[in-house]
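The values are calculated or read from the model by the stated rules, or taken from the named source; none is laboratory data. Every value quoted in this text rests on a predicted model; they were computed, and no experiment measured them. Reconstructed Cβ throughout: ideal geometry from the backbone, glycine too, with neighbour counts over all protein chains shown. All accessible areas refer to the heavy atoms of the entire protein, side chains included, with ligands and DNA or RNA removed. Shrake-Rupley method; radii C 1.70, N 1.55, O 1.52, S 1.80 Å.
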Amino acid sequence: MGTPHHYILFSLQPSTATTTIDPFTIRQVMNNALIQTFGVVGGSIYIDVLWVAQDGSETVVKVRKPDVSTLCGALTTASASTGIRMSKRKDSAFLPSLMPSGGKIPSEE
């Protein structure tokens with residue numbers, strides 16, 4: 001039996017240089033996109049922002065497995081109005097397989 005969770009690595013591109021990218025902002029953008037696309041009930045999914053790159057270029061989030069396509073669909077249709085463009089790079093049920101492009105485990109320095 002597998003895990004009920006799924007992990008997604010997104011690349012992030014803010015619409016302006018002054019846009020702050022932190023876990024709260026990422027979660028808010030995702031929730032706004034879900035509500036804009038699917039309404040309040042359809043947009044009510046659990047999202048856990050696990051990691052954000054120091055430069056704000058990538059993030060890893062955890063969602064329930066059935067919600068992966070819902071989240072990705074919402075971000076695709078709402079990316080123009082959310083302030084941060086998010087593109088799915090990888091997804092997996094195994095978190096270590098989503099190591100950042102540098103190949104090193106991220107640290108909080």
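Each helix, a run of at least 4 DSSP H residues, gives -39500 (n - 2.57); summed and divided by the residues of the chain, these come to -9500 deg cm²/dmol at 222 nm. Would you work out what percent of the accessible area of the chain, with all protein chains in place, is carbon or sulfur (probe 1.4 Å)? After summing per-atom areas, the C and S share lands at 56 percent. For the chain, the solvent-accessible area works out to 58 Å² per residue, with a probe of 1.4 Å and every protein chain left in place.
For the stretch 1-58, the Kirkwood hydrodynamic radius from C-alpha pairs, put into Stokes-Einstein at 20 °C and a viscosity of 1.002 mPa s, yields a diffusion coefficient of 166 µm² per second. Solvent-free Debye calculation, one equal scatterer per alpha-carbon of the chain: log10 I(q)/I(0) at 0.18 Å⁻¹ equals -0.86. A simple spin-label model places the labels of Thr16 and Ile47 2.1 nm from each other, with each point 7 Å out along Cα-to-Cβ. Starting from the Cα of Asn32, step 7 Å along the direction of its Cβ; do the same at Leu95; then give the gap between the two resulting points in nm. Spacing of the two 7 Å Cα→Cβ label points: 2.8 nm.
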